[in-house]
Amino acid sequence: MHSIIRGALVGVVMMVALVACAQPSEEPTSSASEVAARFGDTVITVAEVEEAAGGQLIGLYQQVFQAKDQQLRLMIFNRLVDDAAAAEGISRQAYLEREVAGKIPEPSEAQIQQVMNQYRSQLPPDEAQARQQIVAYLKQQIGQQQEIDLRTRLFAAAGVEIMLDPPRVKPVIAAHNPMRGPADAPVVFIEYTDFQCPYCERVQPTIVAVRERYGDSVVHVFKNLPLPMHQQAGLAAEAALCAADQGKFWELHDWLFANKNNISHDTLVAQAEGLSLDVPVFTECIDSRVHKSQVESDANEAGTFGIRGTPGFVINGRILTGAQPLDAFIAVIDDELKRAGKPIPGAEPAKAAEEAGS
């Protein structure tokens, strides 16, 4: 916190001085059918290399896309700011000072005290100095939001359309994968999870919020990714699919997360009885490991996408990893709906127009 607040002093000064970076030249790309190596009668193509590299490349592709996307948006923003300033006959700096720095209010005493109490041990012992850093930090946060709001307005007014497409993977939705929502929904939201993973449990309310927000615009597909470190995660994954055979997947799913530290053969059988399952059939299913190969198939697919920890998500082919906040999911899903020309549930027309250019 100390270093962040100290850096804010510089950030507030520099905030209105956006500088466009030089755009690097595009690196040459290879055709998938291009020959990468040849020896004797053997030929190895670029496509074969990329398939073998799998998840190692996907992460790199995402980094390249993010760098391009950030640079593209910065270039658009800078040009729109220049155009807006020129239209008013003022300098770029004057325009940004008016629209960003000039709209930063003084933080309230309640805001200052909240940060002071939260980070007191990391702040300078001198009260005045600590307060000065907190005020600078809070102004930086407000200024960043003002800049985002300005960008949103300018993009919407100019009708900006971002056509740079992110890298995508191609998951297979199999018959054994439980689903919630219409199969033809414009957004396919795939979750790779581990029933004993605390982060997977933590993100469940966020997934519920996604489903409530988007309704039939999103189909939620569940896939298993039990990690070796969690001793009962594999058993839990297979048991959940055994419950799915009897139409009770989501009921056992909820129980497993709520009881992640109390999963065993006995507790699963007892819960099956509580869910009114056919207990002998359920018990035979988990004892015979009927769904072992299906759980392994889900996990193997995640590995080919570079998803090795949980939770992991693939949204219309776009990878998101970790227990992300709701805003991270909203950003991707809204973007996918815009790209598909679909309405964003709950968004007012004016707001939707603004978001389309953000």
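Might you let me know whether region 224-234 holds any residue that is in a helix (DSSP H, G or I) and either charged (D, E, K, R) or surrounded by 19 or more Cβ atoms within 10 Å (Cβ to Cβ) (or both)?
Step one: list which residues in region 224-234 are in a helix (DSSP H, G or I), which gives 233-234.
If we keep only those that are either charged (D, E, K, R) or surrounded by 19 or more Cβ atoms within 10 Å (Cβ to Cβ) (or both) too, we end up with 233-234.
Scanning region 224-234 turns up at least one residue that is in a helix (DSSP H, G or I) and either charged (D, E, K, R) or surrounded by 19 or more Cβ atoms within 10 Å (Cβ to Cβ) (or both).
Residues that are touching an Asp or Glu at 6+ places or on another chain (Cβ under 9 Å) and either part of a helix (DSSP H, G or I) or basic (Lys, Arg) (or both) do not occur anywhere in region 310-317.
For Glu191, are the conditions met, namely being over 20 Å from Gln70 (Cα atoms), outside the structural domain of Asp69 (by TED's automatic domain parsing) and either modelled with pLDDT under 90 or among the acidic types (Asp, Glu) (or both)? Against the criterion (over 20 Å from Gln70 (Cα atoms), outside the structural domain of Asp69 (by TED's automatic domain parsing) and either modelled with pLDDT under 90 or among the acidic types (Asp, Glu) (or both)), Glu191 qualifies. Within region 17-56, count every residue that is modelled with pLDDT of 85 or more and either of a type in the set (Ser, Thr, Tyr) or in the same structural domain as Ile319 (by TED's automatic domain parsing) (or both). Total meeting the criteria: 2.
Within region 318-340, the residues that satisfy the criterion of being within 9 Å of the chain's Cα centre (by Cα) and part of a loop (DSSP other than H, G, I, E, B) are Gly322, Ala323, Gln324, Pro325. Just one of the listed residues (Val269, Val290, Val219) is out of contact with any His (no Cβ under 9 Å at 6 or more places or on another chain), β-branched (Val, Ile, Thr), in a loop (DSSP other than H, G, I, E, B) and surrounded by fewer than 21 Cβ atoms within 10 Å (Cβ to Cβ), namely Val290. Count of region 180-199 residues, restricted to those that are in a strand (DSSP E or B) and surrounded by fewer than 16 Cβ atoms within 10 Å (Cβ to Cβ), is 1.
Quick check, is Gln145 assigned to a helix (DSSP H, G or I), under 27 Å from the mean Cα position of the chain (by Cα), more than 30 Å from Arg308 (Cβ to Cβ) and polar (S, T, N, Q)? For Gln145, the condition - assigned to a helix (DSSP H, G or I), under 27 Å from the mean Cα position of the chain (by Cα), more than 30 Å from Arg308 (Cβ to Cβ) and polar (S, T, N, Q) - is met. When region 61-95 is filtered for residues that are more than 24 Å from the chain's Cα centre (by Cα), over 17 Å from Ala157 (Cα atoms), not charged (D, E, K, R) and not in a loop (DSSP other than H, G, I, E, B), the ones remaining, listed by number, are Gln93, Ala94.
The listed residues are Ile76, Ile58, and the only one of them that is in contact (Cβ under 8 Å) with a residue 40 or more places away in the chain and in contact with a strand residue (DSSP E or B) (Cβ under 8 Å, 6 or more places away or on another chain) turns out to be Ile58. Residues in region 250-296 that are in contact with a Leu (Cβ under 6 Å, 6 or more places away or on another chain) and more than 16 Å from Ala233 (Cα to Cα): Glu251 alone. Here Leu164 fulfils each of the conditions (1) surrounded by 15 or more Cβ atoms within 10 Å (Cβ to Cβ); (2) of a type in the set (A, V, I, L, M, F, W, C); (3) under 26 Å from Arg92 (Cβ atoms) apart from (1). Consider Gly159 carefully, then state whether it is over 27 Å from Val314 (Cβ atoms), surrounded by fewer than 18 Cβ atoms within 10 Å (Cβ to Cβ), touching a residue at least 24 places away in the same chain (Cβ under 8 Å) and not β-branched (Val, Ile, Thr). Spelling it out, Gly159 is indeed over 27 Å from Val314 (Cβ atoms), surrounded by fewer than 18 Cβ atoms within 10 Å (Cβ to Cβ), touching a residue at least 24 places away in the same chain (Cβ under 8 Å) and not β-branched (Val, Ile, Thr).
Output yes when any residue across region 349-357 is over 22 Å from Met229 (Cα atoms), at pLDDT 95 or above and not β-branched (Val, Ile, Thr), and no when none is.
Here is the first cut: in region 349-357, the ones over 22 Å from Met229 (Cα atoms) are 349-357.
Applying the additional criterion that residues be at pLDDT 95 or above yields none.
No, that holds for no residue.
If you filter region 45-75 down to residues that are polar (S, T, N, Q) and surrounded by 13 or more Cβ atoms within 10 Å (Cβ to Cβ), you find that the one that is nearest to Val160 (Cα to Cα) is Gln71. Only one entry in Ala110, Ala101, Ala130 is surrounded by 12 or more Cβ atoms within 10 Å (Cβ to Cβ) and either over 21 Å from Arg73 (Cβ atoms) or hydroxyl-bearing (Ser, Thr, Tyr) (or both), namely Ala130.
Each row is one residue, and each column tells you yes or no for (1) basic (Lys, Arg); (2) surrounded by fewer than 14 Cβ atoms within 10 Å (Cβ to Cβ); (3) without any contact (Cβ under 8 Å) to a residue 24 or more places away in the chain; (4) farther than 28 Å from Met75 by Cα.
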position: Asp126; (1), (2), (3), (4): no, yes, yes, yes
position: Ile134; (1), (2), (3), (4): no, no, no, yes
position: Gln140; (1), (2), (3), (4): no, no, no, no
position: Glu147; (1), (2), (3), (4): no, no, no, no
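The values are calculated or read from the model by the stated rules, or taken from the named source; none is laboratory data. Remember, it's a predicted structure, so these values are computed and weren't measured experimentally. Reconstructed Cβ throughout: ideal geometry from the backbone, glycine too, with neighbour counts over all protein chains shown.
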